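See structure below.
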Amino acid sequence: MVVVIGGGSAGLGVAWDLLLRQIPVTVVESGPMGRGTSGRFHGLLHSGARYAVVDPVSAEQCRAENARLRHIAPSAIEAVEGYFVSVDEVGESYAQEWLKGAAAANIPVEEVSRDRVLEHLPGLTPDVRQSFRVHDAVLEGFKLLEMLTTNIRSRGGTVLQEASVTAVHTVNGRVSGVVVRADGEDRVIPCDAVINAGGPWAFQVAQLFQDHLDMQLSSGLMMIYANRMVPHVVNRLAPPGDGDIFVPHGNTVILGTTEVPQNTADPVEPTRREAQYLQSLGAQLFPEIVRWRVLRAFTGVRPLFQGSSLAPHSRVSRDFTVVDHGATVGFQGAFSIVGGKWTTFRLMAERTGDAVAAYLRVHVPSTTADVVLTPPETQKRQHTGALVCECETVGVGDLEPRLSEPLADWRTRTWWAMGPCQGTVCAHRGIALRIPHDGVLAALQDLREFRAERERGMRPVAWGDNARQWALNHAVTGQTLAEGAVRKIGD
Ligand SMILES: Cc1cc2nc3c(=O)[nH]c(=O)nc-3n(C[C@H](O)[C@H](O)[C@H](O)COP(=O)(O)OP(=O)(O)OC[C@H]3O[C@@H](n4cnc5c(N)ncnc54)[C@H](O)[C@@H]3O)c2cc1C
């Protein structure tokens with residue numbers, strides 16, 4: 001038995017890899033699905049072109065994995081194609097170097113005329129000088145996390161949520177079990193190996209193996225705009241920098257991102273200043289952005305890796321590293337997988353699986369590049385019963401059959417309360433459905449936390465239409481969640 005700590009893309013990916021090698025696995029995730037960076041990213045399935053100059057290893061990995069993910073998880077990928085556009089002299093002079101890098105990494109690039117790109121991308125600045133089409137696509141992160149979870153479970157693996165690994169036991173220097181805390185209680189899960197897939201928290205998890213991982217954490221801000229104002233992925237053709245990518249996502253478009261060093265693994269609250277800065281950069285590509293309706297801002301933390309006690313320190317890249325803590329500090333059977341991208345999660349899982357399988361003397365190769373993941377039934381929306389959420393057309397039939405799910409999973413699976421009104425009324429309607437299952441007090445607490453979470457993302461970008469929506473949300477929340485009302489029900 002192998003225990004994987006962390007149920008983000010890396011953790012679920014490696015669990016899937018090991019199960020296909022007939023190695024039993026339990027994933028322990030301390031939050032709901034997508035608590036970490038895998039639920040707080042830009043949604044881009046990289047073609048590799050972004051890294052063509054600055055990070056050729058990642059460029060090559062992204063190119064190969066882009067094609068593999070389209071094969072194994074087609075329902076979680078939207079093949080929208082992407083454009084790189086230069087809008088100034090910096091971009092134009094960078095283009096030659098970039099084209100060479102793309103060719104070296106075998107990344108297909110096709111030049112597109114100015115007229116054609118303006119036709120394909122309404123609203124793009126007329127200052128566009130050159131444009132190139134690449135195989136960028138949209139990666140629907142929550143869908144793929146759910147798909148991995150259900151496939152792992154259907155093959156006999158276990159995925160625990162809201163449960164944390166707090167200690168790792170050894171016998172004669174070899175991993176023998178982990179302590180898992182859930183609902184305030186500890187229990188031991190015996191195992192032969194343990195994998196740290198803790199993302200930005202990986203350095204804390206490595207302390208359970210008495211090792212030190214040298215991580216370089218940085219926060220990235222993203223902003224979500226209502227309506228699919230940009231139908232394809234659009235990258236600014238220039239050395240990678242802030243605010244240079246637009247990714248369409250469902251009925252929205254996401255602008256990102258920034259890179260601000262930070263010391264903690266928890267995502268920070270977005271600030272108005274940073275949001276205004278990001279939007280001003282986005283306006284260089286789409287000047288009308290100032291009139292688009294912004295919905296919310298959110299941040300994610302990059303878990304980039306510099307080195308461990310004995311593993312060589314490398315320059316910080318988007319590449320990933322598998323650390324064998326048996327080799328670094330003599331903690332046999334403990335491994336960490338750090339760095340990387342969502343786009344390369346399968347490759348990261350394969351390499352980690354190779355190391356763990358070798359330790360367990362299991363001689364079965366990885367098959368994750370070939371085995372197509374089955375989409376869960378729940379991803380087919382029912383649209384039955386009364387409408388609960390008008391913005392995202394979510395009906396009672398989409399929500400009621402899975403009342404036992406954590407609220408966060410319920411939301412990210414159906415997209416309920418994620419549209420332009422950010423749950424002004426439908427948050428109440430949806431949570432009311434949970435009362436027969438959870439009871440009034442738990443439902444009220446859910447509503448309170450839900451409102452606070454929506455508020456965190458809306459407030460920093462409360463301008464224009466969003467300011468009006470935020471004020472309405474605020475008023476509705478004030479009316480329905482007044483402290484007195486809660487106390488009265490609790491009495
Ligand atoms: C702003 C931003 C934008 C990005 N955009 C893109 C993009 O467009 N395309 C792309 O390919 N990549 C992108 N990335 C990178 C990508 O999102 C990450 O590399 C990837 O999601 C990391 O996944 P992970 O599984 O390593 O970490 P996470 O998703 O953070 O998972 C780690 C999990 O470990 C859990 N955990 C921690 N400690 C414990 C414990 N003790 N017990 C149990 N569980 C624990 C946490 O709850 C967490 O869920 C972006 C990253 C950022 C920050």
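The values are calculated or read from the model by the stated rules, or taken from the named source; none is laboratory data. Keep in mind it's a predicted model, so treat the numbers as computed, not measured. Don't worry about glycine lacking a Cβ; one is built from the backbone with ideal geometry, like all the others, and counts go over all protein chains shown. Calculation scope for accessible area: heavy atoms of the full protein, side chains included, ligands and nucleic acids excluded. Shrake-Rupley method; radii C 1.70, N 1.55, O 1.52, S 1.80 Å.
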- [ ] May I ask you to give the percent of accessible area on segment 381-490 that is carbon plus sulfur, with a probe radius of 1.4 Å?
- [x] 59
Open item on the list: Run the numbers for E111 and L472: contour at 0.36 nm per residue of separation, minus the present Cα-Cα distance, in nm.
Closed with: 125.3 nm
Task: Cut-off 10 Å between beta-carbons: net charge of the residues surrounding E146, Lys and Arg +1, Asp and Glu -1 - done: 0
Open item on the list: Within segment 71-228, what whole-number % of the accessible surface is contributed by carbon and sulfur, with the 1.4 Å probe and all protein chains included in the calculation?
Closed with: 47
- [ ] For F320, enumerate residues with amide H under 5 Å from its amide H, sequence gap 5+ or separate chain, H modeled in the peptide plane.
- [x] G340
Task: Inter-part distance where segment 241-276 and segment 20-52 are each reduced to a Cα centre, Å - done: 18
Open item on the list: Report the rotationally averaged projected area of the chain based on its alpha-carbon convex hull, in square nanometres.
Closed with: 23.1
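Below 13 angstrom from the Cβ of P460, what's the summed charge of the other residues (Lys, Arg +1; Asp, Glu -1)?
Combined, the nearby Lys, Arg, Asp and Glu give +3.
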Task: Cβ-defined net charge surrounding Y225, 10 Å radius [Lys, Arg +1; Asp, Glu -1] - done: +3
Task: Total charge dipole magnitude, the chain, about the Cα centre, Cβ charges on Lys, Arg, Asp, Glu only, Debye to nearest 20 - done: 500
Task: Phi to ³J(HN,Hα) by Karplus 6.51 cos²θ - 1.76 cosθ + 1.60 over segment 59-69, Hz, x for Gly, Pro - done: 4, 5, 4, 4, 4, 5, 6, 3, 5, 5, 5
Task: Gain upon complete extension [H212, E97; 0.36 nm per residue less C-alpha separation] - done: 37.6 nm
Task: Separation in nanometres of the label points that stand 7 Å from Cα toward Cβ, at R153 and D354 - done: 3.2
Open item on the list: Rounded to the nearest 10 Å², what accessible area does K100 have for a 1.4 Å probe in the complete protein model?
Closed with: 150
Task: Overall dimensions of segment 381-490 by Cα: Rg and Dmax, Å - done: 13.8, 39
TODO: Jot down the per residue volume, in cubic angstrom and as a whole number, of the convex hull over the alpha-carbon atoms of segment 1-129.
DONE: 149
TODO: At 1.4 Å probe size, with every protein chain present, just tell me what the per residue accessible area of segment 381-490 comes to in Å².
DONE: 46
Open item on the list: What distance in nm lies between label points placed 7 Å from Cα along the C-beta direction at E455 and Q284?
Closed with: 3.6
TODO: Could you tell me what percent of the DSSP beta bridges with both partners in the chain are antiparallel, to the nearest 5?
DONE: 75
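Given only helices, namely DSSP H runs of n ≥ 4 each adding -39500 (n - 2.57), what is the per-residue ellipticity at 222 nm of the chain, to the nearest 500 deg cm²/dmol?
Values: 15 runs with 170 residues, N = 491.
Rounded to the nearest 500, the figure is -10500 deg cm²/dmol.
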TODO: Pop out the ³J(HN,Hα) list for segment 14-25 in order, Karplus 6.51 cos²θ - 1.76 cosθ + 1.60 with θ = phi - 60°, rounded to Hz; leave Gly and Pro as x.
DONE: 6, 4, 5, 4, 5, 4, 5, 8, 6, 9, x, 9
Open item on the list: Multiplying the sequence separation of L441 and T393 by 0.36 nm and subtracting their Cα-Cα distance, what value in nm do you get?
Closed with: 14.5 nm
Task: Integer Hz, Karplus 6.51/-1.76/1.60 couplings in order for segment 257-270, x for Gly and Pro - done: 9, 10, 9, 10, x, 9, 9, 9, 7, 6, x, 8, 6, x
Task: Area of D398 that stays accessible when all protein chains are in place (1.4 Å probe, Å², to 10) - done: 10
- [ ] Would you mind getting me the FRET efficiency between V260 and N172? Use the beta-carbon distance for r and R0 = 60 Å, nearest 0.05.
- [x] 0.85
